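To start, the structure under review is shown below, and the notes come after it.
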């Protein structure tokens, strides 16, 4: 707390029994699509909860004041497709280091674990992470070990999902051949018995073989990820959207970005966006390979889509309230009073920036998003700009290791 903030707080406390904020983020441009907000507002936090969002909230009533002038303030971002099991022997990353510094306060592991390995994942990763970490179960019982169709165990997957209903949001089915289409059937069966969601995605060159047969299996509210990937057959040879994608969207199937190391190509995304086929949700698909090249962090994925023509508000909507609805956690992704205080403060930088897609092709754009501060459950957990820090010349003598 700055000396000025301490004096103002003392004055407020002496003036009567008024509500005191633990944290007040002032002067930022709040984008909160879930509540229809896009304007300069202040966000006040008490404990781990949002206390109030409004104009000119009194700094004198706050223990800690952060000036977010020149920044955008959004609900904590939601990344519904990443691989965050660093102990699983696969491509998983450390969850906190690869989420919170990109404004992500809720992440969904997209199939690092199946029913056999989920509880170890919960104990070693979910229970120890600061980021809110949820999961899609890989419908294959031996996830990550190349499970055969005969090992797909709907009963065991359903039992595990019912045991952990607040952590398991649904089931993942990776599709690369005809056998894998049976995995989609089984994922749908499991989801129908648990009220969960199916996330399906193509991988490998054979994914272009009759994709409409997979789309037909998905229900309203189910997700197809890697929508702008090479293997979705989203575009015909003339670059036009194939009609069965429009039909699937009309039925309520949702389309997710899922960038990753092989799921996002400018040569697919640009013509699709020009034809107004926008994603329903934006996710990173981040794993150990994609974090290096093409650098598929959520901030970079959002920046690429802005440079391809999406508006900032559209990108924020698809990383807050829309993914919250998609995974049926509607309490997340918006600034409701009483909601858990998950907040991202973002800088929109202007200049000349280069971005790579999954094919290592380059897009040069004029804007870039960067996370300047992340608040998770009321606590500042990422602050590279020092928005929550005092100038060292005013910090006083060192004491208590500060």
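Given all pairs of different Cα atoms, what value in angstroms does the Kirkwood hydrodynamic radius of region 272-402 take? Please list the in-between numbers first.
Values: mean 1/r = 0.0587 Å⁻¹.
Hydrodynamic radius (Kirkwood, Cα pairs) of region 272-402 is 17.0 Å.
Taking the beta-carbon count within 10 Å as an exposure proxy, list 335, 264 from fewest neighbours to most.
Numbers: 335 24, 264 28.
Lowest to highest Cβ neighbour count: 335, 264.
What does region 246-341 give for Rg and for Dmax, in Å, if only its C-alpha atoms count?
Looking at region 246-341, its Cα Rg and Dmax stand at 14.1, 43 Å.
Could you state the per residue volume, in Å³, of the convex hull enclosing the Cα atoms of the chain? Please list the in-between numbers first.
Working: hull volume 58.4 nm³, N = 402.
Measuring per residue, one finds 145 Å³ for the Cα hull of the chain.
Enumerate the residues in region 41-71 having an amide nitrogen under 16 Å from the point lying 7 Å beyond the Cα of residue 35 toward its Cβ.
Correct set: 41-58.
Go ahead and set up a Gaussian network model of the chain, Cα springs under 10 Å, then flag whichever of 210, 376, 26 fluctuates most.
Maximum among the listed residues: 210.
How do 164, 29, 81 line up, fewest other C-beta atoms within 10 Å first? Before the final figure, lay out each step's value.
On the way: 164 15, 29 19, 81 30.
The fewest-first ordering by Cβ neighbours comes to 164, 29, 81.
Quote the relative contact order of region 297-402 in percent (integer), defining contacts as alpha-carbon pairs under 8 Å separated by 6+ residues. Working shown, then result.
Working: 123 pairs, mean separation 23.5, N = 106.
Computed over region 297-402, the figure is 22 percent.
What area, in nm² and to one decimal, does the C-alpha convex hull of region 339-402 cast on average over all directions? Before the final figure, lay out the partial values.
Numbers: hull surface 30.9 nm².
That works out to 7.7 nm², a quarter of the Cα hull's surface.
Counting only C-alpha contacts under 8 Å and six or more residues apart, can you give the relative contact order of region 77-326 as a whole percent?
Values: 512 pairs, mean separation 42.7, N = 250.
Averaging sequence separation for qualifying contacts and normalising by length gives 17 percent for region 77-326.
Compute the FRET efficiency between residue 275 and residue 331 as 1/(1 + (r/R0)^6), taking r as their Cβ-Cβ distance and R0 = 41 Å, and round to the nearest 0.05.
Values: r = 34 Å, r/R0 = 0.83.
Once the sixth-power term is evaluated, E becomes 0.75.
Mean residue ellipticity at 222 nm from the helices of the chain, using -39,500 (n - 2.57) per DSSP H segment of n ≥ 4 over the full residue count, to the nearest 500 deg cm²/dmol? Spell out each step's value before the answer.
Details: 10 runs with 91 residues, N = 402.
Theoretical 222 nm ellipticity from helices: -6500 deg cm²/dmol.
Going by how many other Cβ atoms sit within 10 Å of their own, how do 343, 316, 126 line up, fewest first? It would help to have the intermediate numbers written out before the result.
Details: 343 28, 316 25, 126 22.
Going from sparsest to densest Cβ surroundings: 126, 316, 343.
Nearest-5 percent of antiparallel DSSP beta bridges in the chain?
Numbers: 35 of 67 bridges.
Roughly 50 percent of the DSSP beta bridges within the chain come out antiparallel.
Every number here is computed from the coordinates shown, using simple stated rules; none is lab data. Worth saying up front: this structure is predicted, and the values here are computed from it rather than measured. For neighbour counting, all protein chains shown are included, and Cβ atoms are generated from backbone atoms with ideal geometry for every residue, glycine included.
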